[in-house]
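The values are calculated or read from the model by the stated rules, or taken from the named source; none is laboratory data. Note that the coordinates shown come from a computational prediction; the quantities given were computed from them, not determined experimentally. Cβ coordinates were reconstructed from backbone atoms using ideal geometry, including for glycine residues, and neighbour counts include every protein chain displayed.
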Amino acid sequence: MARPKIALIGAGNIGGTLAHLAAVKELGDVVLFDIADGLPQGKALDIAESGPSEKFDVAMSGTSDYADIAGADVCIVTAGVARKPGMSRDDLLGINLKVMKSVGEGIRDHAPDAFVICITNPLDAMVWALREFSGLPHHKVCGMAGVLDSARFRHFLAEEFNVSMRDVTAFVLGGHGDTMVPLARYSTVAGIPLPDLIEMGWTTQEKMDAIVQRTRDGGAEIVGLLKTGSAFYAPATSAIEMAEAYLKDQKRVLPCAAYVDGAFGLKGMYVGVPTVIGAGGVERVVDIKMNKDEQAMFDNSVAAVNGLVDACKAIDDTLS
Ligand code: APR
């Protein structure tokens, strides 16, 4: 059987890391696409030359021609500009919206059967726009945010409790921005919810509040340290986890920016929710119960995402 084909639209920091991870995990043949002259070809060759040491059998190529993504099974989109210190994800909206138009049309024309994972920020609005421009079915287009935000939360919790991060589960919902909603009640150490761990004296409410805030600011913390761009190792790893769930029909329960129509009382919008990802794409949205405080935070986040979608519609009237 032929190997799956993975098209990476954007060959910058995240795109290059995605290509390397996809090769090392032998997920499929990789095509790196970028408009920057020589960049996708150079990264593809460099990664291919790591094959003999790493011992992977995948084909790796770079291109600036959308025809070369033809028949891709998975497209992961990072094309656009990344944040610099002092910028919010939302500051990227106008520039990256234009990029989503060309990428969406490229996918529509050359890889309409692909499972598409968007990473470009501001995430929830960009994944919505990408779906609109591409016209693909909603369940085949989603955004990577929740896996990353939850991974950051899990990392901070594992450090706080001095336990393996394998035993820490965490839930972060809502938009991928300052309004994201880390859900303490649904986050656990080996099944023990965080509120119980506070009662057990493992930590304090103050420390948990600080970790929740650090999770919300997780992207900005890295932008502040790097100074020249934004995070790329963990974002790439998170998207690869989602791609693998699709390619191997793993039915993973992963939070992602999915199209929600009916669940959570929402009418047709993209926002971060728990989902099941398998061979059908986003196969299910898991409609969890929230308490009053959690619902208020989620509503606030939904409103922020809707504000960004409205801003997209104001910039490009073909979207209204
Ligand atoms: N088509 C294809 N590629 C494009 C286009 C386009 N229209 N416009 C820009 N690019 C490419 C750039 O040439 C660059 O190589 O997108 C790449 C982006 O790479 P980086 O600047 O290194 O950004 P990266 O860190 O990979 O982040 C990409 O993901 O997390 C988000 O906020 C981040 O929106 C940003 C995206």
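Which of (1) modelled with pLDDT under 95; (2) of a type outside the set (A, V, I, L, M); (3) in contact with a helix residue (DSSP H, G or I) (Cβ under 7 Å, 6 or more places away or on another chain) does THR203 not meet, given it meets every other one?
THR203 satisfies every listed condition except (1).
Taking the stated definitions as given, is ILE107 more than 22 Å from ALA258 (Cβ to Cβ), of a type outside the set (Phe, Trp, Tyr) and within 13 Å of the ligand (Cβ to nearest atom)?
Here the answer is no, as ILE107 does not meet what is asked.
Output the residues belonging to segment 22-41 that are modelled with pLDDT under 95 and of a type in the set (A, V, I, L, M).
Residues satisfying the conditions do not exist here.
Using the structure shown, decide if ILE222 is closer than 29 Å to TYR259 by Cα, out of contact with any strand residue (DSSP E or B) (no Cβ under 8 Å at 6 or more places or on another chain) and modelled with pLDDT of 95 or more.
When the stated conditions are applied, ILE222 passes them.
Only one of (1) more than 24 Å from ASN13 (Cβ to Cβ); (2) in contact with a helix residue (DSSP H, G or I) (Cβ under 6 Å, 6 or more places away or on another chain); (3) buried (at least 24 other Cβ atoms within 10 Å of the Cβ) is not met by VAL141, so which one is it?
It fails just one condition, (1).
Show me the helices (runs of 4 or more DSSP H) found entirely inside segment 202-252 where at least 3 residues are on the phi < 0 side of the Ramachandran plot and within 16 Å of the ligand (Cβ to nearest atom).
Per the criteria, 218-226, 233-247.
Table: residues versus (1) among the polar types (S, T, N, Q); (2) closer than 30 Å to ILE95 by Cα.
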position: VAL253; (1), (2): no, no
position: CYS256; (1), (2): no, yes
position: LEU266; (1), (2): no, yes
position: MET269; (1), (2): no, yes
position: ILE288; (1), (2): no, no
position: ALA314; (1), (2): no, yes
position: SER320; (1), (2): yes, yes
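Check PRO4 against each of (1) of a type outside the set (Gly, Ala, Ser); (2) over 29 Å from ASP249 (Cβ atoms); (3) more than 16 Å from the ligand (Cβ to nearest atom) and name the one condition it does not meet.
Result: PRO4 passes all but (2).
Which one of these does ALA22 not meet: (1) away from the ligand (no atom under 12 Å from the Cβ); (2) among the small types (Gly, Ala, Ser); (3) in contact with a Lys or Arg (Cβ under 9 Å, 6 or more places away or on another chain)?
Of everything listed in (1) away from the ligand (no atom under 12 Å from the Cβ); (2) among the small types (Gly, Ala, Ser); (3) in contact with a Lys or Arg (Cβ under 9 Å, 6 or more places away or on another chain), ALA22 misses just condition (3).
Does ALA72 satisfy the criteria of being aliphatic (A, V, I, L, M), at pLDDT 95 or above, over 16 Å from GLY143 (Cα atoms) and touching a strand residue (DSSP E or B) at 6+ places or on another chain (Cβ under 6 Å)?
So ALA72 passes the test.
Among the residues that make up segment 87-101, is at least one of them away from the ligand (no atom under 11 Å from the Cβ) and farther than 30 Å from ALA314 by Cα?
No, every residue in segment 87-101 fails to be away from the ligand (no atom under 11 Å from the Cβ) and farther than 30 Å from ALA314 by Cα.
Go through segment 9-25 and report how many residues are within 15 Å of the chain's Cα centre (by Cα) and assigned to a loop (DSSP other than H, G, I, E, B).
Count: 1.
Please specify each residue of segment 111-142 satisfying the condition of being assigned to a loop (DSSP other than H, G, I, E, B) and either in contact with a Gly (Cβ under 6 Å, 6 or more places away or on another chain) or within 16 Å of the ligand (Cβ to nearest atom) (or both).
ALA111, ALA114, ILE119, THR120, ASN121, PRO122
Taking ALA184 and the conditions (1) within 16 Å of the ligand (Cβ to nearest atom); (2) modelled with pLDDT under 95, which numbered condition does it fall short on, given that it satisfies the others?
Exception for ALA184: condition (1).
Residues in segment 284-291: is at least one outside any loop (DSSP other than H, G, I, E, B), within 16 Å of CYS142 (Cα to Cα) and not basic (Lys, Arg)?
Scanning segment 284-291 turns up at least one residue that is outside any loop (DSSP other than H, G, I, E, B), within 16 Å of CYS142 (Cα to Cα) and not basic (Lys, Arg).
Considering only residues of segment 254-304 that are acidic (Asp, Glu) and farther than 21 Å from ALA129 by Cβ, which is surrounded by the fewest Cβ atoms within 10 Å (Cβ to Cβ)?
Checking each candidate, the answer is ASP293.
If you go through segment 278-299 one residue at a time, how many are touching a residue at least 60 places away in the same chain (Cβ under 8 Å), more than 12 Å from TYR186 (Cβ to Cβ) and touching a helix residue (DSSP H, G or I) at 6+ places or on another chain (Cβ under 8 Å)?
Selection size over segment 278-299: 5.
Pick from LEU32, LEU39: which is within 16 Å of the ligand (Cβ to nearest atom) and surrounded by 22 or more Cβ atoms within 10 Å (Cβ to Cβ)?
LEU32
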